[in-house]
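What follows is a short report on a single structure.
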Amino acid sequence: MQTRRDFLMRATSSAFLTTVASRTWAEPEPPQSRLVARQASVQLAPPAYPQTEIWGYDGTMPGPLIRVRQGGRVVRRLLNDLPQATSLHWHGLRIDNAMDGVPGLTQQAVATGASFDIDFVAPDAGTYWYHAHNRSMEQVARGLYGALVVEEPERPDVDRDEVLILDDWLLNQDTAQIDADFSRSHDRSHAGRLGNFIATNGQYDHSLDVRRHERLRLRLVNAANARIFELALSGLNGWVMALDGMPLERPQPLSDTVLLGPGQRADLFVDVVAEEGKTAYLVRVDNGEGFVQSAFPVMPGSSNARANMPDPLPPNPDMGAPDLAQARRLRLHMGGGAMGRLRSAVLDGERRTFREMAEANQFWAFNDMIGMTAAPLAELSLGEPVRLEIVNDTAFPHAMHLHGMHFHEIATDGTLGPLRDTLLSYGGQTREIAFVAHNPGDWLFHCHMLSHAESGMMTWMRVV
Ligand SMILES: [Cu+2]
């Protein structure tokens, strides 16, 4: 019997890797094609429920899996067939600012019936994702996202490569339709919009048949508006290979759990150790209890066991570490929200009391400023090293995402942690990140809990 691995190995030698490799997950597509943002109906909830109306890229949930080789071009024409303007952001990609997809900062929103031409080179191998960035708290919640996989020049030693996009949906429990109140002040002022229906790749019962001893690469993406996923393995022996697309210097054995804040990704290599006839699981841990996030039934037959732990993935190019001694120091104070200490902040140039902020459905401030400001948080010189202290003076976790560049967290001993594009910070924590401002342009820096971003937690940095 032909194994999927054989199939992929042979596919590698053909010129149609992108098409062939994505066939198991999405319809094949030509390398230059349209990406249509449109309404669609999909069976999200169990079959006893009606289909759910979503907004999806090409009407699918998730959107088409885009696979390119490292250094390859991504060329798409985004067509907006939605009832409202949209835009498309490539999360975690170090690309041209003009392709970053932030309305009001890098481009105009794409009106209904209009289009936007996407064309960029993917510089870094890894797991990325694309999602709507106009009215994100609504458009991402309605399903406008997909994965972008940038493949290493040499295929790592795994039998299979699978993308698992994790999301929670807020559905009406009778009709299975998406709750259309996207501006609820309780969500905005507390932990964000949390769903009541948790799925992987839009499936409530996501399952992949595996065989004993297979080594799988699981590319996990947290596409939820606000939910933090805490994940563990059962029947699988695994390593964290990369975070937010970027390889770890050494694979990190996954003996406990891995946390994924909104927008974050983790690449795992997992070996199937469950017996034939049993089922292995990706487990979601919620308040100390385990739930099935994805199931891996173990089929007859087995792959050759690998005795070794995996080799690290090759590092991405030009990721010079910032010189901390020379770095410019910046500070971001995060304030506001329910149970917070913020008494007032500035909205559209006027100081508002917290009560007035609440009346405007705005709850959060960065350095005393609510939402986007005319002036950036910082204007950085190209190549300048930066260290940025992030003070979470709120009662809630926040997932701070920097567009266009990855950063390191500075550990308390002064060493640099792994490269990330999104920092999960809990209430009361002070953390520090460092990066080299190597990508010119205007880059958004915001909380990826999308109702928080919509109600104050958004700023930007300019690199010139
Ligand atoms: Cu937040």
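Key figures
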quantity	calculated
Loop GluC sites (Glu not before Pro), region 124-212 (other Cβ atoms within 10 Å of the site Cβ: 11 or fewer; DSSP)	Glu154
Quarter of Cα convex hull surface for region 145-231, i.e. mean projection, nm²	7.8
Total formal charge among the other residues, if their Cβ is under 15 angstrom from that of Asn361, Lys/Arg +1 and Asp/Glu -1	-1
Distance-filtered residues of region 237-257 - backbone nitrogen under 20 Å, label point 7 angstrom along Asp318 Cα→Cβ	245-247
The chain, helix-only ellipticity at 222 nm - DSSP H runs n ≥ 4, -39,500 (n - 2.57), divided by all residues, nearest 500	-1500 deg cm²/dmol
Cα-based helix-to-principal-axis angle, 4-13 vs the chain, degrees rounded to 10	70
Two-decimal log10 I(q)/I(0) for the chain, as the Debye equation yields it once each C-alpha is a single scatterer, q = 0.12 Å⁻¹	-1.07
Per-selection metrics, region 317-424 (Cα): Rg and Dmax in Å	15.9, 49
Those residues of region 366-380 whose amide nitrogen sits under 16 Å from the label point placed on Asp348, 7 Å along Cα→Cβ	370-374
Alpha-carbon radius of gyration plus Dmax, which is the widest Cα pair, for region 44-127 in Å	15.1, 46
Ratio of the Cα radius of gyration of region 363-456 to 2.2 N^0.38 Å, where N counts its residues	1.06
Region 254-313 versus region 331-369: alpha-carbon centroid distance in Å	42
Efficiency of FRET between Ser302 and Thr257 - r from beta-carbon atoms, R0 25 angstrom, step 0.05	0.35
GluC sites (Glu not before Pro) lying in DSSP loop within region 176-276, provided at most 16 other Cβ fall within 10 Å	Glu275, Glu276
Largest to smallest principal axis extent of the C-alpha atoms in region 245-371, angstrom	68, 41, 21
Sites Asp157 and Arg341, calculated FRET efficiency, Cβ-Cβ separation with R0 51 Å, nearest 0.05	0.50
Inter-part distance where region 394-456 and region 197-242 are each reduced to a Cα centre, Å	24
DSSP-defined beta bridges in the chain - what % are antiparallel, rounded to 5	75
Under the Karplus curve 6.51 cos²θ - 1.76 cosθ + 1.60, θ = phi - 60°, whole-Hz ³J(HN,Hα) for region 358-363, x wherever Gly or Pro sits	4, 5, 8, 6, 10, 10
Longest exposed-site-free window of the chain, the sites being trypsin sites (Lys or Arg not before Pro) in a DSSP loop that have at most 16 other C-beta atoms within 10 Å	24-183
Percent of C-alpha pairs per 10 Å bin, region 29-70, short to long	28, 40, 23, 9, 0
Carbon and sulfur %, accessible surface of the chain computed with the full protein complex present, 1.4 Å	49
Percent breakdown of C-alpha pair distances by 5 Å bin, ordered from the shortest bin, for region 63-196	2, 9, 17, 19, 17, 15, 11, 7, 3, 0
Pairwise centroid distance, computed over Cα atoms, of region 53-93 with region 130-147, Å	9
Over 27 Å [Cα-Cα, region 123-278], rounded percent	29
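The values are calculated or read from the model by the stated rules, or taken from the named source; none is laboratory data. Computed from a predicted structure; not experimentally measured. In this analysis, Cβ positions are derived from the backbone assuming ideal geometry, glycine residues included, and neighbour counts consider all displayed protein chains. Protein only, heavy atoms only, side chains kept; ligands, DNA and RNA dropped before computing areas. Shrake-Rupley method; radii C 1.70, N 1.55, O 1.52, S 1.80 Å.
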